[in-house]
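Structure, as structure tokens:
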Amino acid sequence: MRNKLLLCISLLLLTGCEGLNYRSSVPTHPVHLEIDTHVGMYIHFVPENVGTYLIADAGGVHLNGITQPLTVLDAYGYAGTVVYIDGWHPYAAYDLCCPNCLRRDKPCVVDGIFAVCPICGEKYDLASGTAAPMNGMAHETLRIYRASYNISTGKLLVSLPQ
């Protein structure tokens with residue numbers, strides 16, 4: 001009986017790991033953003049401000065109607081990057097390319113808690129911390145980037161996952 005129980009638990013754990021090897025249809029493209037939440041327009045872009053987001057694209061970094069130019073070291077992903085404070089993580093970062101349409105020239109538009117594809121209309125839930133599709137047209141989340149935050153220095157780094 002004990003062996004059967006262990007076998008069942010092992011199978012459950014192995015099948016539960018399927019999502020750990022996340023692969024996106026969105027092409028891999030460099031992303032590198034360093035944000036110091038102690039300076040300039042970023043002083044209110046802190047984990048306590050749930051629902052706040054910034055967008056990085058070819059035009060710069062956009063937050064609260066202010067645009068800061070990209071630095072030489074910055075890279076914004078395939079179609080642009082949204083960094084969202086969702087309440088589940090200090091920060092979550094996603095590429096704005098819809099994995100259903102794969103149009104770099106038509107990135108998703110952030111509308112409150114959703115990123116909405118202007119081509120197919122799919123909505124991706126940013127507030128959930130997963131960027132999961134809501135309408136059922138797409139079968140995967142937005143491409144996920146790593147967002148690491150050092151609370152003592154106030155530095156946020158967005159990069160490709162390893």
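FYI, it's all coordinate maths here, none of it is from the lab. In this text, all values refer to a predicted model and were calculated from it rather than measured experimentally. Here the Cβ is made from the backbone with ideal geometry for all residues, glycine too, and neighbour counts use every protein chain on show.
Spin-label pair SER128-ASN150: with each label point 7 Å from Cα along the Cα-Cβ axis, the two points sit 3.4 nm from one another.
Grab the other residues whose beta carbon is less than 15 angstrom from that of ASP105, score K and R as +1, D and E as -1, and report the net.
Details: positive: ARG103, ARG104, LYS106; negative: ASP57, ASP95.
Spelling it out: positives minus negatives among the neighbours equals +1.
What is the local net charge at TYR42, summed over the other residues whose Cβ is closer than 14 Å to its Cβ (Lys, Arg +1; Asp, Glu -1)?
Details: positive: LYS155; negative: GLU34, ASP36, GLU48, ASP74.
My count for the surroundings of TYR42 gives -3.
Could you give the angle, 0 to 90 degrees to the nearest 10, between helix 2-16's Cα long axis and the longest principal axis of the Cα atoms of the chain? Taking the Cα atoms of the chain, the angle to 2-16 is about 30 degrees. Across q = 0.14, 0.18 Å⁻¹, the stretch 23-159 modelled as identical point scatterers on its alpha-carbon atoms has Debye log10 I(q)/I(0) values of -0.56, -0.94, in the order of the q list. Each peptide in 139-145, 151-157 was scored by the mean count of other Cβ atoms within 10 Å over its residues; highest first, the order is 139-145, 151-157. Taking label points 7 Å from Cα along the Cα-to-Cβ direction, SER24 and ILE113 give a separation of 2.2 nm.
Put the Cα centre of the stretch 98-117 next to the Cα centre of the stretch 35-74 and the gap is 19 Å. In the chain, helical runs assigned H by DSSP with n ≥ 4 each contribute -39500 (n - 2.57); averaged across all residues and rounded to the nearest 500, the mean residue ellipticity at 222 nm is -3000 deg cm²/dmol.
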